[in-house]
Amino acid sequence: MECQHRSLGLRGQVLSTAAAALVMASIGTLYTWSIFVAPIEAEFGQSRAGSSLVFSVATVAFTGGMFASPWLLPRRTPQSAALLSCLLAAAGLALSAAGSSIWLIFLGFGALFGLANGLAYGNSLHVAQQSAPHRPGLHTGIVVSSYMLGSIIGSPLLGRVLEIGGYRLAFLVLAAYLVAAGVLAFVLLGHARIEDRPAARSAGPAETRASFGALAVLWTVFFLSSLVGVMVLAHAAPLAASVPGGEHHLVLAAVLVALGNGLGRLAGGGLSDRLQPRVLLFGAPAMIGVSLAMATAFQRPEVLLTALFLVGIGYGCIAGGLPAIVARSYGSHSMRSLYGRLFTAWGVAGLAGPYLAGALFDAHDNYVLATAAAAVAALLAASIGLTYRAPAASGGAT
């Protein structure tokens with residue numbers, strides 16, 4: 001069993017992790033949505049709450065894709081699953097670019113691009129686990145952190161394309177990039193010779209049954225952290241515009257929260273191999289809550305931009321650390337099913353967070369109440385995270 005893991009080799013591990021990271025970076029452009037909000041609202045006469053629903057639909061479809069990947073991609077190898085996911089994402093973006101109705105953007109960007117995100121995300125996590133089941137935190141952190149590269153790099157580039165040719169051209173450019181990324185990932189995974197090896201499930205820690213209480217704590221912390229994190233990601237540019245002087249930093253706001261998210265995901269994966277789980281489950285949302293409380297109290301662009309960066313780091317630590325915490329606590333094979341259940345927290349949060357923030361903005365013409373409520377939610381998540389107890393068999397001391 002162990003020799004099967006070793007047969008992948010260092011070269012195979014590097015190629016497979018690189019391919020998974022490439023796919024994650026391409027689909028991670030989902031988080032560039034905030035730069036499309038204003039032009040789409042202007043063209044279709046949407047309210048902020050109405051346009052925010054596009055991103056909410058995408059998060060629900062994302063969650064559905066995570067759950068349904070075994071049935072939607074039956075008997076597919078990891079390399080073909082990566083290619084098909086990227087092609088589906090490109091098709092959704094092309095539909096959004098060609099559409100003359102907001103409903104086609106709901107279908108293309110929201111449903112199809114969101115579904116492709118779930119399929120690709122789940123497949124990429126699986127590839128990371130297959131690449132190095134003995135060190136789930138490190139490889140999962142690398143792969144999950146790559147998700148935000150799409151937004152970090154894509155926001156300024158797509159923002160420039162948007163200025164030149166409008167949001168339709170930006171969607172088409174993004175679609176072409178996804179096709180290219182899918183083809184390259186297909187080639188890399190083919191050379192890595194990664195495949196589903198049942199024996200690999202024994203290479204990680206022994207399986208431990210998860211209690212309802214432990215799962216409830218993980219789900220709640222993930223839900224509240226995601227509620228805040230996704231809200232900020234979806235409204236980063238409008239948040240900056242709502243602060244006096246911040247209208248000059250729209251793209252910077254989107255880049256900073258995405259950059260923080262990417263760094264946090266990388267750090268969360270690595271830290272989850274070293275820290276007690278509840279340290280991460282408390283510290284990350286606590287940083288989010290304090291940052292947003294400061295941004296609410298001091299309506300200044302430099303404070304808000306700093307807060308956005310720190311919120312990104314905190315949310316990223318949870319997103320990057322949770323899969324590794326589950327694998328470490330309950331076994332790498334159980335990670336797939338348990339994390340699928342926990343991921344419903346992200347789906348519910350993604351549906352509610354952007355819409356609620358948009359509705360509060362429409363009602364008050366500012367984000368003050370939205371950021372204050374988000375700060376309270378994050379601090380509540382931190383207090384709940386302190387109650388988590390990892391199973392003794394996992395080696396995760398409480």
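Laid out as a table, the results:
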read-out	value
Residue in the range 306-321 that is at pLDDT below 90, part of a helix (DSSP H, G or I) and surrounded by fewer than 21 Cβ atoms within 10 Å (Cβ to Cβ) present	no
Test: residue in the range 213-222 that is modelled with pLDDT of 85 or more, among the aromatic types (Phe, Trp, Tyr) and within 23 Å of Leu10 (Cβ to Cβ)	no
Only listed residue being among the basic types (Lys, Arg) and in a helix (DSSP H, G or I), chosen from Arg328, Arg274	Arg328
Any hit, the range 282-296, residues being touching a Pro at 6+ places or on another chain (Cβ under 8 Å) and either in a loop (DSSP other than H, G, I, E, B) or hydrophobic (A, V, I, L, M, F, W, C) (or both)	no
So Ser34, is it crowded, with 18+ Cβ neighbours inside 10 Å, in contact (Cβ under 8 Å) with a residue 40 or more places away in the chain and among the small types (Gly, Ala, Ser)	yes
Qualifying residue in the range 158-171 (condition: under 16 Å from the mean Cα position of the chain (by Cα) and either in a helix (DSSP H, G or I) or over 13 Å from Phe36 (Cα atoms) (or both))	no
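Residues are listed down the side, and each one gets a yes or a no for (1) part of a loop (DSSP other than H, G, I, E, B); (2) crowded, with 23+ Cβ neighbours inside 10 Å; (3) of a type in the set (S, T, N, Q):
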{"position": "Glu41", "(1), (2), (3)": "no, no, no"}
{"position": "Gln46", "(1), (2), (3)": "yes, no, yes"}
{"position": "Phe62", "(1), (2), (3)": "no, yes, no"}
{"position": "Leu93", "(1), (2), (3)": "no, yes, no"}
{"position": "Ser96", "(1), (2), (3)": "no, yes, yes"}
{"position": "Leu104", "(1), (2), (3)": "no, no, no"}
{"position": "Leu107", "(1), (2), (3)": "no, no, no"}
{"position": "Gly118", "(1), (2), (3)": "no, yes, no"}
{"position": "Val144", "(1), (2), (3)": "no, yes, no"}
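The values are calculated or read from the model by the stated rules, or taken from the named source; none is laboratory data. Treat the numbers as computed from the prediction; the structure is a model and nothing was measured. For neighbour counting, all protein chains shown are included, and Cβ atoms are generated from backbone atoms with ideal geometry for every residue, glycine included.
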